[in-house]
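Right, one structure below, let's go through it.
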Amino acid sequence: MKPGWEMVIGLEVHCELKTATKLFCGCPNMFGDEANTNVCPVCLGLPGSLPVLNQKAVELAMAIGTALNCEILPSTFHRKNYFYPDQAKDYQISQYDEPINVNGHLDLPDGSRVGIERAHMEEDTGKTSHAGSSGRIHGSDYSLVDYNRSGVPLVEIVSAPDMRSSAQARAYAGELRAVLVASGASDGKMEEGSMRVDANVSVRRSVDDPFGTRCEIKNLNSVRSLGRAIEYEADRQIALIEAGEVVVQQTRHWDEDAGRTVTLRSKEDAYDYRYFLEPDLVPLVPDAEWIDAVADTLGMMPAVRRARLVRLLEESGGASESQLDQVATVVDLRLDDLVVSAVAGGVSSGLALARTANEAANDADAARRLDPAAYLALLTMEAAGTVSATQAKAVLADLLVRGGGDPAAMAKAKGFEAMSEDSLASTVAEVVVAHPDEWGRYCEGGEKGDKLAGFFTGLVMKATRGQANGKAVATELQRLRGG
Amino acid sequence: MAEPGRLTREDVAHVAALARLHLSDAELDLFTGQLAEVLDHASDVASLDLAGVAPTAHAMAVTNVLRPDEVRPGLDRDEVLGQAPSVEDHRFRVPRIPGEAP
Amino acid sequence: MVSSGEWSAVDILEQHLAAIEAGDGAVHAFNLVTADLAREQAVEVDRKVAAGEDPGLLAGVPVALKDNLCTRGVPTTCSSRILEGWRPPYDATVVTRLREAGAVMVGKTNMDEFAMGSSTETSAFGPTRNPHDTSRVPGGSSGGSAAAVAAGFAPLALGSDTGGSIRQPAALCGVVGMKPTYGTVSRYGLVAFASSLDQIGPLATSVADAALLFDVIGGNDLLDSTSLHRPTPRALAVLDDGVDGLTVGVLSEFLDGAAPDVVARVHQAAEALAGAGARVEEVSVPEVAFGLSAYYLIAPGEASSNLARYDGVRYGLRVDAEDVAAMNTATRSAGFGAEVKRRIMLGTYVLSAGYMDAYYNQALRVRTRIIEGFTRAYHHCDVLLGPTAPTTAFALGAKVDDPLTMYLSDVCTIPSNLAGHPAISVPFGTGDDGLPVGVQLLGPALSEGTVLKVAAVVEAAAPPLAAPVLVEGTPT
């Protein structure tokens, strides 16, 4: 970002809801089936067909609203009229001026808060593929339409223009994804298109200036491209203004390969959508009882889960920067319950967090299925020195594969047993004798000498194939040095 | 009723484009006159006091009509595609699309 | 008769098919006669009767279907080139219910294109003619259904009524036609014209038959969100209850624009009701005079959206062009007739940026006022009485070039659609030209029982109407 400028960002996020069926008909809401196999008169827009609202989709929309601290209001559906071949009825049924969720907010991990203007329900379109010379829209000879996705339930979450950097926008997208996953409403897979992000970007010289003219950027397929596109777009707008030109309100397309945004259409070409109340649907008026029942099904949101782990770290002396990153990772992967149960079982929060964020996280799917009692038992063994850190990691890998088991028995089966003090001492002595120069410098101490502790520890570990307990080695080295 | 101004030939041409209809010059002239006449007639509601009157979009006040999230049998693909003007690779084939979806 | 074994369903069907064969060349009530399918259904009914199974309430009764009701595998055109050849892959809910009731479906009837018209002259397949005088229109848009019943091609027919499309042709053809309360009959499978106004209803030769057909097709349907859960009382059961103690209001606004011979028949019907024990008084609901204005903003608005889907992509006509937008435009320009284009453009205009509030939203407020006006009248009246149409059947071609004049044919029927209320047209003698006159009874929401029993009394007092005499062959 060029100094002397500020960017203003608002995001519009479409997320597919995890329902069994589509928003207005009983066709399966399935990704990846053969073309035009999940279709019926309703989602094909056949003459005479009528939409009927999916209760589960409404409840997931309410869950999103609750998770984003929105007011849940009586709502209606409108028709958004435009011609496009993937739009089976040539209008989209969408909530318009009376959306189900309004006025919420999302707290980001850095402590900032982003307003949520609305989160409304709408139906997805079919999928168009472009055939012919280039495979792209421009230059293709003809197109093919598959309506399997037509009518899949979406919630569009519109943020306030509260973000001021691409990093904050990325953090928002990441946190929103975590909230959507935690609420059970969506699987939040940006790359598969179940979460789609459009960015509204404008720039201004000072926080006291009014917002500049914004451009909307589409086709952002990852959090990374979101960040890149925002940076590019802000630079483009600043360059225009500094060259004495004006930013024209328009929709722009992010070209990932070229790393730039290109004009899709300007405001003058804006569609006249002729929104009007959908006469085939009736108003949705959720009562307090229904809203509460949906709220009761909601699990803890990521912000609450992070705070819970930070509290555990603080109880044992505070959280370092890298531990905060571990907290974010663990919560993001929904492995925080493992940490919490291990700490409750007496394991230190630092160890529980580190093993979870560094090792269990490697196979998060398996880790989420792991028996917490087995995990606690393993970490307890490691903390007591019954197994070394290296051995603990090896046993954990097995636990993840099997989904549980007795870590003590597994360690034994692998031949992992704590070395007796005698055999440890003799191995350390052998290593010391074999490296007299290094030993001499170690004994001189000081910053340089002390660093050689790691050298000797490594040799001992190698000699014992990882069976030695690192702490015990350090103690023995110091004893030999006479410290 | 607020007076939006009499319907012009340009209005009709614009609306025809929005509705994806092509009109000949003769049709444009004819329809402009006919539609303006209907809209003029509709302006008689100006004599009705509508201040503070809520609009009625649904005559019957029904709310919360929902269906359970259960899969129902859909249509046979061959039957569906058998009705289509042009099909390729089990998809509906259309001529090239000049722009992206809104 | 069929269920008692007195007649076979096949015999009844063959009589009607013969009547169609002899007379439909002159009338053109049908777009398609489904003789083979009907024979299969009739045979099945006869088999059930022979086997002692319940053949259903309408066992063996031939029924004609307006060609905007989806019939699985059977062409459904809405009398439009744009849907020519389309075979829906599903049945409308009413078609399913008719099938389950043992009805025999004889064919699809002609109509104004997409139900937009009042004379059946906007059909892409040529007009239907009034069986009472083939130089006259049958009314519309359900002109084919009304003519089929009037000509004896089928004792029952289904139509759809968005602004009078069942009642006005019923009146012009001398048959009974009812638009039920919005939401009492499922719209699933009815090709939409104006969704908040469309309602399917019966056409029949008698009030009792209309009530029977309504009983069969009505009731909640999970496939239509606007379908009502409230059970409607069996209409047929209350038909003979009479009008003693009921108050009938003669709606003065409906008389204002009507021809003197039609007004005379309305007064005569009012006298008959008074004679049967009803209290008759004149009432005024000034708001209904604005119904036409509101209707011609609301209905085209909805229609412009409902008819967007005819784009040449998934079904029906396609006229190819170099890109998809040009293909859409070429298809729609070739596939829709002038009246449909007019309404699509009117509707697109009233919904477009800058005009929505002045036109469409204002029309929805008029709708509120009309409902309030009716509510006021129903505080002291049980039903309202008026003409169904301002005149008897007019000559073919008389109004086709003047849309506004054609629209005025529906001035007495539109208010019930805007309010969602039931209304029925009952034949009541003829006008000065010897053509049928229909009187209309209107009631508040879900008052079908009351409306029908009053209609039965009017029907009993009606002057006799000669059956139409059809000359074989095509009219010149």
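The values are calculated or read from the model by the stated rules, or taken from the named source; none is laboratory data. No experiment lies behind these values; they were computed from the predicted model shown. So basically every Cβ, Gly included, is an ideal-geometry build from the backbone, and we count neighbours across all protein chains shown. All accessible areas refer to the heavy atoms of the entire protein, side chains included, with ligands and DNA or RNA removed. Shrake-Rupley method; radii C 1.70, N 1.55, O 1.52, S 1.80 Å.
All conditions in (1) outside any loop (DSSP other than H, G, I, E, B); (2) touching a Ser or Thr at 6+ places or on another chain (Cβ under 7 Å) hold for C:Leu98, with the sole exception of (2).
Does A:Ala408 meet the test of being touching a residue at least 60 places away in the same chain (Cβ under 8 Å), open to solvent by 40 Å² or more (accessible area, probe 1.4 Å), outside the structural domain of A:Thr464 (by TED's automatic domain parsing) and hydrophobic (A, V, I, L, M, F, W, C)?
Values: touching a residue at least 60 places away in the same chain (Cβ under 8 Å): no; open to solvent by 40 Å² or more (accessible area, probe 1.4 Å): yes; outside the structural domain of A:Thr464 (by TED's automatic domain parsing): yes; hydrophobic (A, V, I, L, M, F, W, C): yes.
Considered against the rule, which asks whether it is touching a residue at least 60 places away in the same chain (Cβ under 8 Å), open to solvent by 40 Å² or more (accessible area, probe 1.4 Å), outside the structural domain of A:Thr464 (by TED's automatic domain parsing) and hydrophobic (A, V, I, L, M, F, W, C), A:Ala408 comes out as no.
Within the span defined as region C:292-305, every residue fails to be more than 7 Å from every other protein chain (Cβ to nearest Cβ) and either open to solvent by 10 Å² or more (accessible area, probe 1.4 Å) or in a loop (DSSP other than H, G, I, E, B) (or both). Of the residues screened, A:Tyr147 is not one that is surrounded by fewer than 22 Cβ atoms within 10 Å (Cβ to Cβ), within 14 Å of chain C (Cβ to nearest Cβ) and among the aromatic types (Phe, Trp, Tyr). Among the residues making up region C:154-203, those that are over 23 Å from C:Leu58 (Cα atoms) and within 13 Å of chain A (Cβ to nearest Cβ) are C:Thr162, C:Tyr182, C:Val191, C:Ala192, C:Phe193, C:Ala194, C:Ser195, C:Ser196, C:Leu197, C:Asp198. Of everything listed in (1) open to solvent by 20 Å² or more (accessible area, probe 1.4 Å); (2) touching a Phe, Trp or Tyr at 6+ places or on another chain (Cβ under 7 Å), the single unmet condition for C:Thr329 is (2). There is at least one residue in region A:18-37 that is at the interface with chain B (Cβ under 7 Å from one of its Cβ atoms), on the phi > 0 side of the Ramachandran plot and part of a loop (DSSP other than H, G, I, E, B).
Quick one: is A:Val327 part of a helix (DSSP H, G or I), open to solvent by less than 50 Å² (accessible area, probe 1.4 Å) and in contact with a helix residue (DSSP H, G or I) (Cβ under 7 Å, 6 or more places away or on another chain)? Spell out the reasoning first.
Numbers: part of a helix (DSSP H, G or I): yes; open to solvent by less than 50 Å² (accessible area, probe 1.4 Å): yes; in contact with a helix residue (DSSP H, G or I) (Cβ under 7 Å, 6 or more places away or on another chain): yes.
So A:Val327 passes the test.
Considering region A:47-99 alone, what residues qualify as being within 12 Å of another protein chain (Cβ to nearest Cβ), hydrophobic (A, V, I, L, M, F, W, C) and assigned to a strand (DSSP E or B)? Across region A:47-99, the qualifying residues are A:Leu53, A:Ile93. Just checking, does region B:70-82 include any residue being exposed (fewer than 14 other Cβ atoms within 10 Å of the Cβ), hydrophobic (A, V, I, L, M, F, W, C) and more than 30 Å from C:Gly337 (Cβ to Cβ)? No, every residue in region B:70-82 fails to be exposed (fewer than 14 other Cβ atoms within 10 Å of the Cβ), hydrophobic (A, V, I, L, M, F, W, C) and more than 30 Å from C:Gly337 (Cβ to Cβ). With respect to the conditions (1) more than 10 Å from chain B (Cβ to nearest Cβ); (2) open to solvent by less than 20 Å² (accessible area, probe 1.4 Å); (3) at pLDDT 95 or above; (4) over 20 Å from C:Ala455 (Cα atoms), C:Lys341 falls short on a single one, namely (1). Among residues belonging to region C:312-326 that are under 27 Å from the mean Cα position of the chain (by Cα) and within 12 Å of chain A (Cβ to nearest Cβ), point out the one that is surrounded by the fewest Cβ atoms within 10 Å (Cβ to Cβ). Across region C:312-326, the extreme among qualifying residues is C:Gly316.
Of all the numbered requirements in (1) surrounded by 24 or more Cβ atoms within 10 Å (Cβ to Cβ); (2) more than 7 Å from chain B (Cβ to nearest Cβ); (3) free of Cβ contacts under 8 Å to residues at least 12 places away in the same chain, C:Tyr349 misses one, and that requirement is (2).
Kindly indicate whether A:Val102 is among the β-branched types (Val, Ile, Thr), assigned to a strand (DSSP E or B), open to solvent by 10 Å² or more (accessible area, probe 1.4 Å) and touching a residue at least 12 places away in the same chain (Cβ under 8 Å). Let's see the steps before the verdict.
Values: among the β-branched types (Val, Ile, Thr): yes; assigned to a strand (DSSP E or B): yes; open to solvent by 10 Å² or more (accessible area, probe 1.4 Å): yes; touching a residue at least 12 places away in the same chain (Cβ under 8 Å): yes.
In short, yes.
Residues to consider are A:Glu233, A:Glu256; find the one that is out of contact with any Asp or Glu (no Cβ under 7 Å at 6 or more places or on another chain), touching a residue at least 24 places away in the same chain (Cβ under 8 Å), open to solvent by 10 Å² or more (accessible area, probe 1.4 Å) and within 27 Å of A:Cys15 (Cα to Cα). Break it down into steps so the answer makes sense when it comes.
Working: A:Glu233 fails: open to solvent by 10 Å² or more (accessible area, probe 1.4 Å).
Only one candidate passes the filter, namely A:Glu256.
Any idea how many residues of region C:391-449 are assigned to a loop (DSSP other than H, G, I, E, B) and closer than 28 Å to B:His58 by Cα? So the answer is 11. Answer yes if at least one residue in region A:439-462 is surrounded by 15 or more Cβ atoms within 10 Å (Cβ to Cβ) and in a loop (DSSP other than H, G, I, E, B), and no otherwise. Checking region A:439-462: not a single residue is surrounded by 15 or more Cβ atoms within 10 Å (Cβ to Cβ) and in a loop (DSSP other than H, G, I, E, B). Within region C:370-400, if we keep just the residues that are within 9 Å of chain B (Cβ to nearest Cβ) and surrounded by fewer than 21 Cβ atoms within 10 Å (Cβ to Cβ), the residue that is farthest from B:Leu39 (Cα to Cα) turns out to be C:Glu372. Annotation: C:Val61 fulfils all but one of (1) open to solvent by 10 Å² or more (accessible area, probe 1.4 Å); (2) free of Cβ contacts under 8 Å to residues at least 60 places away in the same chain; the unmet one is (2). Screening C:Gly347 against (1) assigned to a helix (DSSP H, G or I); (2) touching a Leu at 6+ places or on another chain (Cβ under 7 Å) leaves a single unmet condition, (2). From the list C:Ala208, C:Ala204, the lone residue that is small (Gly, Ala, Ser) and open to solvent by 10 Å² or more (accessible area, probe 1.4 Å) is C:Ala208.
Whenever a residue of region C:305-323 is over 26 Å from A:Phe276 (Cα atoms) and assigned by TED's automatic domain parsing to the domain that holds C:Gly335, its partners that are open to solvent by less than 20 Å² (accessible area, probe 1.4 Å) and aromatic (Phe, Trp, Tyr), lying with C-beta atoms within less than 9 angstrom and at least six residues away or across chains, give the pairs C:Gly316/C:Trp86; C:Gly316/C:Tyr310; C:Leu317/C:Trp86; C:Leu317/C:Tyr310.
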